[in-house]
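What follows draws every value from the coordinates through simple rules; no lab data is involved. Quick caveat, the model's predicted, so the values are computed rather than measured. Here the Cβ is made from the backbone with ideal geometry for all residues, glycine too, and neighbour counts use every protein chain on show.
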Amino acid sequence: MFYRICPRCARAVPLASSERYCTNDGTRLLEACPGCGARITSPYARFCGRCGREFRLETRALEDKAGQGGLG
């Protein structure tokens, strides 16, 4: 099974779900690692199992996007 994960709050939903944005904070859910493209195989994953990249957005990037009128 594969998952989508919110890079802001780490909420996970099954990939089969129709959700594309986090219902907690409106952030677009990650379907795969932004570094190497590997699918997310655990709802508890915080780092990519293939390349080790962290899934969470950096605080600075969140602040910049929020200041521009949205995170998605």
The long-range amide H neighbours of Leu30, using H built 1.01 Å from N in the peptide plane and a cut-off of under 5 Å, are Ile5, Cys6
Does a label point 7 Å from the Cα of Ala45, set along Cα-to-beta-carbon, have any residues of region 1-32 with amide nitrogen under 11 Å, and which are they? 1-5, 15, 30-32
Leu57 long-range amide H proximity, modeled H, under 5 Å: Arg8
